[in-house]
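Below is one structure, written out as structure tokens; the observations come after it.
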Amino acid sequence: MHEKSIKLLNSAIAGELIAVHQYMYFHFHCDDQGYDLLSNIYKRTAMEEMRHVEFLADRILFLNGKIVLKAGADVEPIHEVKEMLEWARASEQDAIRDYNQDANASAANSDSATKRIFEDLVADEERHFNQFDMEYEKLLKFGERYLVLQALDNSAATPGAVQ
Ligand SMILES: [Fe+2]
Ligand SMILES: [Fe+2]
């Protein structure tokens, strides 16, 4: 009877795992290039997406379903900051659209608790989108200076760095 909800929840997990992997990948590469602010944002967001996997998986177990822990796609080897932010913005927009649809589908299945999970996820993904969008706007506005400042902050914070 909960088959439809379990399918929606597993499909959401596949999307969340893509985000977890891709944001960790961005975190590593921003860290490597000295972009601390972005590196931290990606790490923090990856951890939040992992919490989303947990909410979804808990609900599947509650409904006596089987959890399928499989990312919906492989990591894209993106190393350029502008492309990373474009990927993140698009991914969050897709998640907002999908979860709104999933909430409506859950309401149509008379599964209010699953609907509420999707609605809570929409709010988080909107916040993620907003955060990536703000950084993207700054990058467009300040260009290279936006990145140089982050890299300078990083070298000033490194022990032993020339002040
Ligand atoms: Fe998420
Ligand atoms: Fe997100």
Of all residues in the stretch 16-63, which are β-branched (Val, Ile, Thr) and within 16 Å of the chain's Cα centre (by Cα)? ILE18, VAL20, ILE41, THR45, VAL53
Can you name the number of the only condition in (1) in a helix (DSSP H, G or I); (2) modelled with pLDDT of 95 or more; (3) surrounded by fewer than 19 Cβ atoms within 10 Å (Cβ to Cβ) that GLU76 fails? (1)
Quickly run through the stretch 85-118 and pick out the residues that are part of a helix (DSSP H, G or I), more than 18 Å from ALA19 (Cβ to Cβ) and of a type outside the set (Val, Ile, Thr). ALA103, ASN104, ALA105, SER106, ALA107, ALA108, SER112, ALA113, LYS115, ARG116
Evaluate the following for ALA46: is it within 16 Å of ligand 2 (Cβ to nearest atom), surrounded by 13 or more Cβ atoms within 10 Å (Cβ to Cβ) and free of Cβ contacts under 8 Å to residues at least 40 places away in the same chain? yes
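Results for (1) within 16 Å of ligand 1 (Cβ to nearest atom); (2) of a type in the set (A, V, I, L, M); (3) in a loop (DSSP other than H, G, I, E, B); (4) at pLDDT 95 or above, shown as yes or no for each residue.
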{"site": "ALA46", "(1), (2), (3), (4)": "yes, yes, no, yes"}
{"site": "VAL53", "(1), (2), (3), (4)": "yes, yes, no, yes"}
{"site": "ALA57", "(1), (2), (3), (4)": "yes, yes, no, yes"}
{"site": "VAL68", "(1), (2), (3), (4)": "no, yes, yes, yes"}
{"site": "GLU83", "(1), (2), (3), (4)": "no, no, no, yes"}
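The values are calculated or read from the model by the stated rules, or taken from the named source; none is laboratory data. As the structure is a prediction and not an experimental result, all values here were calculated from the model. A quick note on method: Cβ atoms are made from the backbone with ideal geometry, for glycine too, and the neighbour counts reach across all protein chains shown.
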